[in-house]
Amino acid sequence: MERVNTEIVTLTRFLTEEQAKHKEATGDFTLLCHALQFSFKSIAYYIRRATLINLTGLAGSSNITGDDQKKLDVIGNDIFIAAMRSSGKCAVLVSEEEENAILFSEHEGARYAVACDPIDGSSNLDAGVSVGTIFGIHKLAEGSKGTKEDLLKPGTELIAAGFTMYGASAQLVITMKEGTVNGFTMDTSLGEFILTHPDMRIPKKRAIYSVNEGNSHYWADETKAYFESLKNPELNGGKPYSARYIGSMVADAYRTLLYGGVFAYPADKKSPKGKLRILYECAPMAMVFENAGGQALNSRMERMMEVVPESIHDKSGIFMGSYDEIEKVKSFHKSK
Ligand code: P6P
């Protein structure tokens, strides 16, 4: 007779227990996370039904970074903005889909600043590829009422970050400052995120690399040399690395976190500042990977968590993954 597992930790219970660890906690952060949880559940619902109710395809608009907006992008963005506003705990929100920071000035007591990409990787949506929401949470500076400057800070000041991948099931990965990385799986019958991957640790090394080789013509010479070395059996115990690239950061990141290896989107001659955005792609992922025992660097081999964005949609090159794999990246790239 299969023993029923009654030791089920929901995200709601996890957040309550986290709050109890901090006597000074007011409960505001917990309420903000409940609003995040609601937005993930809503976005997951629409993504599941997208094809059925014809939500795939372009919305006919484009966002600040010039990406063609998919209908779901717009819906995901609207859901996220509404959830942050109604929480009453978010003072300022930066979204990939919004040119300017959104200030919720009606919430005077709000003490948090949130950066998000509501549906990252959405260009893959029509093909049924996993996409995701990436988020980072900062606390407002003392005396600030909430401005975009509250987000123009290094990842080391993030108080929480993570992502939700909408795949076969919705998988949430979240980490707090100096905390562990915890994975939750959405149980659609209960409508709850269940703790399925407590204290996630990225394998110290793994012969998998994840990069868009279509850009290799534009890479710096040392980047070309690094990836070429991974393909040389003689340099890797007789077997080359495996190449795995989905083109959806959340999906590539989740696989790298679980299996190990290296994910990279290097800055190159075509995109000298890189393609991925610091606030809502590079920094949150860097926090997750570091807290899971891995590393994350920019193309100048600087610790990604120490990079300060110059603007809310500022970009960076990134290498992130297993500790030993990033050490190998460093050995090929001279610190600039
Ligand atoms: P490319 C999706 O548009 C995204 O922002 C990330 O999710 C993904 O890692 C990257 O861009 C893919 O870019 O140039 O390889 O299509």
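Against the list (1) part of a strand (DSSP E or B); (2) touching a Leu at 6+ places or on another chain (Cβ under 8 Å), the condition T175 fails is (2). Put simply, of D268, D252, D221 the only residue that is open to solvent by 60 Å² or more (accessible area, probe 1.4 Å), among the acidic types (D, E) and either over 30 Å from A44 (Cα atoms) or in the same structural domain as Y323 (by the TED database) (or both) is D221. Taking the criterion of being among the acidic types (D, E) and within 16 Å of the ligand (Cβ to nearest atom), the only residue of the range 280-307 that qualifies is E281. Only residues that are among the charged types (D, E, K, R) and modelled with pLDDT under 95 were counted across the range 284-336, and they come to 2. Pairing residues of the range 246-259 that are in a helix (DSSP H, G or I) with residues that are within 7 Å of the ligand (Cβ to nearest atom) and aliphatic (A, V, I, L, M), at Cβ distances under 9 Å and at least 6 apart in sequence or on separate chains, gives M249/L276.
Here is the figure for the range 105-131: residues that are more than 22 Å from P309 (Cα to Cα) and buried (at least 18 other Cβ atoms within 10 Å of the Cβ) total 6. Take the residues in the range 171-194 that are in contact with a strand residue (DSSP E or B) (Cβ under 9 Å, 6 or more places away or on another chain) and more than 25 Å from Y323 (Cβ to Cβ); name whichever of them is surrounded by the most Cβ atoms within 10 Å (Cβ to Cβ). Taking the candidates together, the pick is F193.
Of all residues in the range 71-116, those satisfying the criterion of being assigned to a strand (DSSP E or B) and either more than 23 Å from A141 (Cα to Cα) or aliphatic (A, V, I, L, M) (or both) are A91, V92, L93, V94, I102, L103, A113, V114, A115. Residues of the range 1-54 that are in a loop (DSSP other than H, G, I, E, B), out of contact with any strand residue (DSSP E or B) (no Cβ under 9 Å at 6 or more places or on another chain) and β-branched (V, I, T): V4, T6, T26, T51, I53. Apart from one condition, E234 fits all of (1) in contact with a Ser or Thr (Cβ under 6 Å, 6 or more places away or on another chain); (2) open to solvent by 50 Å² or more (accessible area, probe 1.4 Å); (3) more than 16 Å from the ligand (Cβ to nearest atom); (4) not hydroxyl-bearing (S, T, Y); the exception is (1). A141 meets each of the listed conditions (1) farther than 16 Å from L32 by Cβ; (2) modelled with pLDDT of 95 or more apart from (2).
Checking each residue of the range 263-279 against the condition of being among the aromatic types (F, W, Y) and within 16 Å of the ligand (Cβ to nearest atom) gives at least one match. Please enumerate the residues belonging to the range 243-282 that are among the small types (G, A, S) and within 19 Å of Y323 (Cβ to Cβ). Once the filter is applied, which keeps residues that are among the small types (G, A, S) and within 19 Å of Y323 (Cβ to Cβ), the range 243-282 yields A253, G260, G261, A264.
Quick one: is Y166 more than 22 Å from I278 (Cβ to Cβ) and open to solvent by less than 30 Å² (accessible area, probe 1.4 Å)? Yes, satisfied.
The values are calculated or read from the model by the stated rules, or taken from the named source; none is laboratory data. In this text the structure is predicted, and so the values were computed from the model without any measurement. Glycine also receives a Cβ, built like all others from the backbone with ideal geometry; neighbour counts cover every protein chain displayed. With ligands, DNA and RNA removed, areas are computed over all heavy atoms of the protein, side chains included. Shrake-Rupley method; radii C 1.70, N 1.55, O 1.52, S 1.80 Å.
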